[in-house]
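Contents: one structure, followed by commentary.
The values are calculated or read from the model by the stated rules, or taken from the named source; none is laboratory data. Keep in mind that what you see is a predicted model, and the values were worked out from it rather than measured. A quick note on method: Cβ atoms are made from the backbone with ideal geometry, for glycine too, and the neighbour counts reach across all protein chains shown.
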Amino acid sequence: MTASVEEFRQRAREFLAANAVSRSEPPVEWTENALVAECRRFHGALADAGLAGITYPVEYGGLGLDKGYLEVFNQQLSRYQAPLLPAVISHGMCLPVINDFGTPEQRHRYQARMIRCDDIWCQMFSEPGAGSDVASLATRAVRDGDEWVLTGQKVWTSGAQYSEYGLCIARTDPSQPKHRGMSMFIIDLSLPGVEIRPLRQINGSSHFNEIYLTEVRVGRDCLVADEGAGWNVAVAMLMYERVAIGAGGSAALSGAVDSALLIAEAQKRGRNRDPSTRDALADLYIRERIQAYIGMRMRQASEAGQAPGPEGSIAKLNAAMLSRLTADSAVELAGASGQAWAADDEDGSRWADSVISSPGMGIAGGTNEVQRNIVGERVLGLPKEPDPYKGQPWESIPRS
Ligand SMILES: Cc1cc2nc3c(=O)[nH]c(=O)nc-3n(C[C@H](O)[C@H](O)[C@H](O)COP(=O)(O)OP(=O)(O)OC[C@H]3O[C@@H](n4cnc5c(N)ncnc54)[C@H](O)[C@@H]3O)c2cc1C
């Protein structure tokens, strides 16, 4: 441990004590607007304090430090309720993709603002006819002189309602097989022709949106990587997504409760001596530890310079299953108040919310079935799923 890492830890500790609420305090309830404003304020202050963009190059607004500093910062951060959720996709997926694939001009223009959350970015992949099989997407980008013109519909776009930019994958050459002929674009969401419509969820929030693109014109400088290389960029982004969800973002994404909260609840309800409750809580705790070790392994691989690989799918799958199990245990423990609660029972709505929010974890970033397919094919070496249209031009494949 060098003196400078120690100094960094101390600075992080002081910053967080002054700017975030400890996990030992009651949960902070933010409205969406307040959370987004807090998120921007928090990351701006973090950047001013010299603690943001830890591993990104100095010339693009980062600190240029190695991942050991990031681990130190994250250890400190895990003790606080920080307003991170609105930037999870922007920081966990879009920022590393621009860092890896952006031109120097794109990196100068966007990275520092992303790090500070002056701009928040979203992921525009899924479409009504292209979710698990995102490579079958139909949004078209047609070249017109020095511009690209995009038309199509995206769906389930988390956070688009407060984002400034989106990374959007679109089809640039329909005569190519479906995995080729796609390109990745930076879309300024304030451009004419972009319409964002919120979708109302079962838990009452409007976390995600439909985005309609009607002849949206973007310059050639909005193309990320080469024309036709969109699938490579998308795969890299999906890997970052699985790591972001599997290696620690899961609780933030699902609003999930954890075993510590359930142990406190069992004590409050006098159920902490009940053998079946103790068994269930011990089981949850063990699974949480396993998830933490999987996350630690992935972070260590990343510190050793390895790009995220298919093992991210194991972490993501396990995080989704754990979130579901925890929510089920919570509502079992809460009994009737997990389904109907008195107005002054703050815990009741939390248990119910965790039950109706946790299934989304098994869908976002690739469903549990899709993660199992990836693990089967790319970790266990099982045969690939048959694809009767393999190699055929996208435009000749039947679509519903
Ligand atoms: C909370 C949340 C946030 C999201 N945020 C975003 C976002 O910001 N940006 C974005 O682009 N998308 C986002 N999504 C969309 C998400 O990526 C898709 O919902 C997901 O990829 C599944 O696609 P689909 O909904 O079209 O389901 P489908 O692909 O139609 O799948 C339907 C069912 O069929 C199963 N299935 C499909 N193919 C196979 C197969 N080959 N083998 C076995 N089973 C299969 C699936 O597991 C599923 O059960 C989000 C989703 C959620 C729930």
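Structure data summary
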read-out: Filter result for the condition that a residue is of a type in the set (Val, Ile, Thr), under 19 Å from Ala315 (Cα atoms) and more than 8 Å from the ligand (Cβ to nearest atom), over Val355, Val375; value: Val375
read-out: Enumeration of residues in the range 60-84 that are buried (at least 18 other Cβ atoms within 10 Å of the Cβ), in a helix (DSSP H, G or I) and touching a Gly at 6+ places or on another chain (Cβ under 9 Å); value: Tyr60
read-out: Subset of the range 313-355 (residues that are farther than 30 Å from Arg299 by Cα, of a type in the set (A, V, I, L, M) and touching a residue at least 12 places away in the same chain (Cβ under 8 Å)); value: Val331, Leu333, Ala334, Ala352
read-out: Residue check for Gly219: within 13 Å of the ligand (Cβ to nearest atom), in contact (Cβ under 8 Å) with a residue 24 or more places away in the chain and either under 26 Å from Pro86 (Cα atoms) or in contact with an Asp or Glu (Cβ under 8 Å, 6 or more places away or on another chain) (or both); value: no
read-out: Entirely in the range 132-171, the strands (runs of 3 or more DSSP E) that have 3 or more residues that are within 26 Å of Asp119 (Cα to Cα) and either within 17 Å of the chain's Cα centre (by Cα) or of a type outside the set (Val, Ile, Thr) (or both); value: 147-158, 165-171
read-out: Residue check, Arg289 without any contact (Cβ under 8 Å) to a residue 12 or more places away in the chain, more than 21 Å from Leu238 (Cβ to Cβ) and either in a helix (DSSP H, G or I) or among the β-branched types (Val, Ile, Thr) (or both); value: yes
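Residues checked against (1) modelled with pLDDT of 90 or more; (2) assigned to a loop (DSSP other than H, G, I, E, B); (3) of a type outside the set (Gly, Ala, Ser):
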{"residue": "Ile196", "(1), (2), (3)": "yes, no, yes"}
{"residue": "Gly204", "(1), (2), (3)": "no, yes, no"}
{"residue": "Glu210", "(1), (2), (3)": "yes, no, yes"}
{"residue": "Glu215", "(1), (2), (3)": "yes, no, yes"}
{"residue": "Asp221", "(1), (2), (3)": "yes, no, yes"}
{"residue": "Tyr240", "(1), (2), (3)": "no, no, yes"}
{"residue": "Ala264", "(1), (2), (3)": "no, no, no"}
{"residue": "Gly270", "(1), (2), (3)": "no, yes, no"}
